[in-house]
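Colleague: The structure's right below; bear with me while I get my questions together.
Any read-out appearing in this document is the output of simple, stated calculations on the displayed coordinates, not a laboratory observation. Only a predicted model underlies this, so the values are computations on that prediction, with no experimental measurement involved. Cβ sites come from the backbone with ideal geometry, for glycine too, and all protein chains shown count toward neighbours.
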Amino acid sequence: MLILGIETSCDETAAAIVDGDRHILADVVLSQIDVHRPYGGIVPEVAARAHLENADLMVAEAMKQAGISFAQLDAVAATGGPGLIGGVMVGVMTAKAIALAAQKPFLAVNHLEGHALTARLTDDIAFPYLLLLASGGHCQLLAVLGVGDYRRLGTTIDDAVGEAFDKAAKMIGLGYPGGPQIQAWAAKGDAARFILPRPMKGKPGCDFSFSGLKNAVRLLVESLPKPLSDQDIADVAAGFQAAVAQSMADRTRRAIELFTRQWPQGKHLVVAGGVAANSALRAELTNLAAKAGLTFIAPPLKLCTDNAAMIAWAGVERFRLGLVDGLDFAPRPRWPL
Ligand code: KG4
Ligand code: ZN
């Protein structure tokens, strides 16, 4: 089986080809980070235009790398939402056009389902498993029970965790995207100098919150002499990163309790999303999984951040079950799993 996947829901224009035996034949990603950097964040209209300029080029490149023709595909999958609607429209229309011209089925994939199923592409694990999805747009804990069968155990009540990293970075004068910079500065800092709140820690349920922490960073930065010294920047970054990691660990620990009680046959804790790159968070999760007797799975970073291989793979899983979509599918800016 050969499926072409297209991802355009945020700021990566991506195309990939995956087969039914979990081989990635091609996986190309064009990041728009440089396009958006001058604005300090993603500008939806600018993103949509860049997707329009590049989507067909990415598809052509992926087809070339895989050395196949459209006629050899079994189906064409694209992210159908949730995401920035201009970009989603570009990806969906590109996939529909190829599907129509090549007479192949079209699959609209939920972007979150793409993240949720990635661990079955990289590690061939069985359902059910517990997923922490931590990205710039999402922060959720999901019990992944089967294709199309997800139980949300917790979500953020305000900002996504990656968004919190990006905003905190901006407040201490670091560039966009902020997560990797916070991590780099935190490595040189003292996490014990500024103790910031651990949002939601000890509260019932598994929801996240980051707006209070963000505000605490703002007040802390306001109280420090300007311009901030390198040591101050490093110490704030370290304090912030520790607060995020511990808050997320607390929420995940509760979700593990819930998950293992309700689905005792589950064996894995999986992480996805760009924030999965964060080493402080990974350390906490590795520890939690070990304590609970779960295997911790972190797919390679390239497959944790937005990519089209995860969309093609979700396409494989859905196509096997006959879950194809019509060409009348309408892109969905909001689409809860
Ligand atoms: O999954 P992703 O590539 O895009 C979506 O948002 O869907 O995630 C990007 C987010 C950004 O907010 C970025 O700052 C964050 O992931 N990020 C990190 C790290 N690397 C990327 N956050 C913390 N630590 C990192 N090392
Ligand atoms: Zn994503």
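Colleague: With a bin width of 10 angstrom, please list the P(r) values of segment 126-298 as percents of all Cα-Cα pairs, from the 0 bin to the one holding the largest distance.
Modeller: 11, 41, 31, 14, 4, 0
Colleague: How big, on average over all directions, is the shadow cast by the Cα convex hull of segment 197-315, in nm²?
Modeller: In nm², the orientation-averaged hull projection of segment 197-315 is 9.5.
Colleague: Of Lys167/Lys291; Lys167/Lys203; Lys170/Lys226; Lys64/Lys104; Lys267/Lys291; Lys203/Lys267, which pairs sit farther than 21 Å apart, going by alpha carbon to alpha carbon?
Modeller: Lys167/Lys291; Lys167/Lys203; Lys203/Lys267
Colleague: If packing is taken as the average number of other Cβ atoms within 10 Å across a peptide's residues, how do 141-151, 114-124, 266-276, 4-14 rank, most packed first?
Modeller: Most protected by this proxy first, the peptides run 4-14, 266-276, 114-124, 141-151.
Colleague: Please tell me the relative contact order of segment 126-298 in percent, rounded to the nearest whole number, where contacts are Cα pairs under 8 Å and at least six residues apart.
Modeller: 28 percent
Colleague: If all Cα-Cα distances of segment 71-210 are sorted into 10 Å bins from 0 onward, what percent lands in each bin, rounded to whole numbers?
Modeller: 10, 27, 32, 21, 8, 2, 0
Colleague: Round to a whole angstrom and tell me the spacing of the C-alpha centers of segment 299-315 and segment 9-75.
Modeller: Value for the Cα centre distance between the two parts: 11 Å.
Colleague: Right, here's the next one. May I ask for log10 I(q)/I(0) of the chain at q = 0.10 Å⁻¹, from a Debye sum over the Cα atoms as equal point scatterers with solvent left out?
Modeller: Debye output, listed in q order: -0.58.
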